[in-house]
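The values are calculated or read from the model by the stated rules, or taken from the named source; none is laboratory data. Just so you know, these numbers come straight off a predicted model, no measurement behind them. Cβ coordinates were reconstructed from backbone atoms using ideal geometry, including for glycine residues, and neighbour counts include every protein chain displayed. What goes into the accessible areas is simple: the full protein's heavy atoms, side chains included, and nothing from ligands, DNA or RNA. Shrake-Rupley method; radii C 1.70, N 1.55, O 1.52, S 1.80 Å.
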Amino acid sequence: LVKLNTEQVAGLTTAQVASLTSVQIASLSSDQIIALEAEDLRSLTSSQLRALKTDQLVKLGAEQIASLRGTQLSVLTTTQLNALTSDQIIALTTGQMASLTSIQVAALTTDQITAIEVDDLRALTSAQIAALKTAQVTKLTTDQIACLTTAQVASLNSAQLRALSSGQLNAFVSSDLQ
């Protein structure tokens, strides 16, 4: 399998990709991984996804990342998620962001937090917002803060709120503070 060139990997059927073992998935080069079609990636099982190395994940393009089902993203380890670039975080759909566990959200880097689009942030549950570390909350942009729902704002704890800058505090809309 490791001897296949990228054209040969791209030529694999979805059924063939789905039948690869976790060891075989892990043995693919980054170039081979990016040769996989979106439908091939959607066919990967939890164990196959967990077998992906961080250097493989960071090579996936926006379309490939966006093609993953939310249930697939929810099985990635925090180490795997931390490897995603800002562009890959931006590529995540609202449904994909909402599917992340609170533990996964809490493990995102501050650069990744800043890269979350406002609609995606709005899709997070109160539990996911509450799971954010203070350092993550301080990196929220004023646009991100302004988009938070009343329930999300209510889920922030006092330490998170105290850590916000005056600019961030001013971004709250009055309905969020009632």
### Heavy atoms of D111 accessible to a 1.4 Å probe, total area in Å² rounded to 10
110
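Using 0.36 nm per residue, how much length does the chain from D111 to R69 gain when fully extended, once their Cα-Cα distance is taken away? Don't skip to the end; give the middle numbers.
Numbers: separation 42, 0.36 × 42 = 15.12 nm, distance 2.30 nm.
Contour length minus the Cα-Cα distance gives 12.8 nm.
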### Message
Along the Cα→Cβ direction, 7 angstrom out, place labels at N82 and S27. What is the inter-label distance in nm?
### Response
2.9
### Task
Assign one of three labels to the chain, namely rounded, prolate or oblate, based on the Cα gyration tensor with a ≥ b ≥ c the square roots of its eigenvalues; rounded applies when a/c is under 1.5, prolate when it is not and a/b is larger than b/c, and oblate otherwise.
prolate
### Query
Cα centroids of region 86-139 and region 12-68: how far apart, whole angstrom?
23
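In Å², and per residue, what accessible area does the chain have when probed at 1.4 Å with the other protein chains present?
Values: 8240 Å² over 178 residues.
That works out to 46 Å² for each residue.
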### Accessible surface, 1.4 Å probe, highest first, among residues R50, R162
R162, R50
### Summary
For R50, placing the label point 7 angstrom along Cα-to-beta-carbon and taking region 79-98, residues whose amide nitrogen sits under 15 Å are 79-81
### Task
Starting from the Cα gyration tensor of region 20-80, take the square roots of the eigenvalues, sort them a ≥ b ≥ c, and report rounded, prolate or oblate (rounded when a/c is under 1.5, otherwise prolate if a/b is larger than b/c, else oblate).
rounded
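Let me know the shape class of region 6-49, please: from the alpha-carbon gyration tensor, a ≥ b ≥ c as square roots of the eigenvalues, rounded when a/c is under 1.5, otherwise prolate if a/b is greater than b/c, or oblate. List each step's numbers first, then the result.
Details: a/c = 1.64, a/b = 1.19, b/c = 1.38.
Judged from the Cα gyration tensor, region 6-49 comes out oblate (a/c at least 1.5, b/c at or above a/b).
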### Query
Along the positive direction of the dipole of region 25-178 (beta-carbon charges: Lys, Arg +1; Asp, Glu -1; about the Cα centre), which of I89, S126, T45 reaches farthest?
S126
### Message
If I take every Cα pair under 8 Å that is 6 or more residues apart in region 1-79, average their sequence separation and divide by the length, what percent do I get for the relative contact order?
### Response
33
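Using a Förster radius of 30 Å, what is the FRET efficiency between N157 and A62 based on their Cβ-Cβ separation? Nearest 0.05, please. It would help to have the intermediate numbers written out before the result.
Values: r = 34 Å, r/R0 = 1.12.
About 0.35, to the nearest 0.05.
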### Summary
Counting Lys and Arg as +1 and Asp and Glu as -1 over every other residue whose Cβ sits under 12 Å from the Cβ of I25, the net charge comes to +1
#### Entry: Candidate lysines - alpha carbon under 22 Å from K53, same-chain residues fewer than 8 apart omitted
K3
### Query
Ignoring ligands, DNA and RNA, what percent of the accessible area of region 38-105 is carbon or sulfur (1.4 Å)?
55
